[in-house]
1. Being surrounded by fewer than 24 Cβ atoms within 10 Å (Cβ to Cβ) and more than 15 Å from residue B:98 (Cα to Cα) is the filter here, so list the residues in region B:160-171 that pass it.
2. Restricting to region A:30-63, and then to whatever is in a loop (DSSP other than H, G, I, E, B) and among the hydroxyl-bearing types (Ser, Thr, Tyr), can you tell me which residue is modelled with the lowest pLDDT?
3. Do you know which of the residues in region A:101-112 that are outside any loop (DSSP other than H, G, I, E, B) and buried (at least 17 other Cβ atoms within 10 Å of the Cβ) is nearest to the other protein chains (Cβ to nearest Cβ)?
4. Only one of these is within 22 Å of residue A:130 (Cβ to Cβ) and modelled with pLDDT of 85 or more: A:191, A:203. Name it.
5. Filter region B:7-23 down to residues that are surrounded by fewer than 18 Cβ atoms within 10 Å (Cβ to Cβ) and at the interface with chain A (Cβ under 7 Å from one of its Cβ atoms) and give me whichever is nearest to residue B:118 (Cα to Cα).
6. Looking at A:146, A:167, A:197, can you tell me which residue is buried (at least 16 other Cβ atoms within 10 Å of the Cβ), at positive phi and not assigned by TED's automatic domain parsing to the domain that holds residue A:17?
7. Of these, B:236, B:264, which one is among the hydrophobic types (A, V, I, L, M, F, W, C), farther than 29 Å from residue B:78 by Cβ and either in contact with a strand residue (DSSP E or B) (Cβ under 6 Å, 6 or more places away or on another chain) or not assigned by TED's automatic domain parsing to the domain that holds residue B:135 (or both)?
8. Before we move on, is residue B:268 surrounded by 14 or more Cβ atoms within 10 Å (Cβ to Cβ) and either closer than 21 Å to residue B:209 by Cβ or without any contact (Cβ under 8 Å) to a residue 40 or more places away in the chain (or both)?
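The values are calculated or read from the model by the stated rules, or taken from the named source; none is laboratory data. Since we're looking at a predicted model, the values are computed, not measured. Note that we place each Cβ from the backbone using ideal geometry, even for glycine, and neighbour counts take in every protein chain shown.
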Amino acid sequence: MQAFGAFAERLRRSTVQVFSHKERGGGSGVIWNSDGLILTNSHVARSAEMQVELWDGRRFPARVSSRDPRRDLAELRISASSLEPASPGDSSTLRPGELVMAIGNPLGFAGALSTGVVHSIGALPGMGRQSWIRANVRLAPGNSGGPLADARGRVIGINTAIVNGLGVAVPSNTASAFVSRGPRPALGVTLRPARIGLEILDLEPQGAAARASLRTGDILLMSFDDLSDALDSGRDVLRLQFFRGDRTRVRETFVRLGARAEAA
Amino acid sequence: MTNELAALSQELAAAVERAGRAVAAVHARTRFSSSGVFWRPGIIVTAEHTIRREEEITVTLPDGRNVPATLAGSDPGTDVAVLKADWSGDPAPRASTALVPGNLALTIGRSQDSGVNATMGIVSAVSGSWRTWRGGRLDQYIRLDLTLYPGSSGGVVVNTAGEAIGIATSALSRIAGLAIPASTVDRVVDEILTRGRVAKGYLGLGLQPVVLPDHHKGLIVLSLEPEGPAAKAGVVIGDILVSLAGSPVEDTDDIQTVLESHPVGQTVQAGLLRGGAAHQLAITVGERARRS
């Protein structure tokens, strides 16, 4: 069918390659508006200074203007205008079985297309209550941050991960909410499930957890889903219980979420 | 140009929705659930290899409720298991058109967390009756070129109208997923519901193919199950079996083919050579003991 090729070509012009300054390995991104707003995964935009390459080969330095690690989304800004933005679709009307296509830079092949159907839509075990799109499209490292589009070429998701061979994407409505309302509250920590609770592996220097004097190695006494719910509850201050070293004494701290000092 | 593709997309989603109304998630193993389909009212068919326990099986119904299910029986040979669950919804609609290689096919499953799921590909090969490595017989060999994810096995394979072609299984072939044909599923379901199991016929003979002096082929009896069906009929070691139920037999597959059409308890005429002379014996087909 000719249409697939035509849609893919248009989508390719709205898809970029994203490189972090240090290493060459990168991911993909989607041009969200014509004035240089680019959406990608938070795990792709690791450093504050990034590079973006357009489909026509032009390369721009990019600044990470916002980041939401829990939804794995990040916003990049480049100094360019008259870009060709992708047209977002409504991910809430998506049904299993619909045709989808993914464009990205898997394993360094720029602008590669893969196609398939929506496999399912819903929560992923152990990833909180938010909804994800799963699709039977073949993805590879480098597809991350690139678009997943429907049969009309409208972007309905941002490709994020591969789980049991299935492509997993952040729904476009979640991405739109991130662009219009900014990141959801976050602790600013990297966590790993421990035997009980969640161990803090790393803290952002000015993150909410760091400001509440939590440290690397502390163990938060809650599950990942509990933490997600607490962060999404709308409260400004969370009371967190944790262990520090001594596993017989439960400690407590108050974390003020509020306005986050974004990496500028 | 748009709309051919968008129309196909909507047609596929509608097929998934239609067939998905009869698809359940089956919880009968640890980690991943599998899928099953309401084949008849209150009767779920799934892939036998995904059933790892006989008790405490639950299913997630098309309406999202979790209910207990009981195992009515299973047939490892065709990888079909039959469950009973209390649900009044309609069973999956059946495909009536003939299948050819290249037809689009979808496998539809269900999981408790995210509901209906679908994968798409094509039918890559269709051929006649085929014996599985597990010893069962499928009425057709239907090979699928689509990805079966963990949890897809036991789901229903449908055409673009959402009509059932068969049941998806990854356990019958090393190279591809297969669809257990609808007619085979019907036969196995009938047998399990009437008898609780699929009985396998057996003669109690150890046989080896041999070439006869006249260049015909036969099967020489090397061993005999004492008190087995053949022994009771008077077969002795050294006899050469040349026909069974009127058809010539040249290898052990021929024996299996005859046994598939002669249920346990039926009597078959065996033609054999003993000391160069032709004999006819009537053997009553016995039932092979089930491995536990």
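1. Residues satisfying the conditions are B:170, B:171.
2. Here the answer is A:47.
3. This residue is A:101.
4. Every option except A:191 fails the conditions.
5. The selected residue is B:17.
6. Sole residue among the options that is buried (at least 16 other Cβ atoms within 10 Å of the Cβ), at positive phi and not assigned by TED's automatic domain parsing to the domain that holds residue A:17: A:197.
7. Residue meeting the stated conditions: B:236.
8. Yes.
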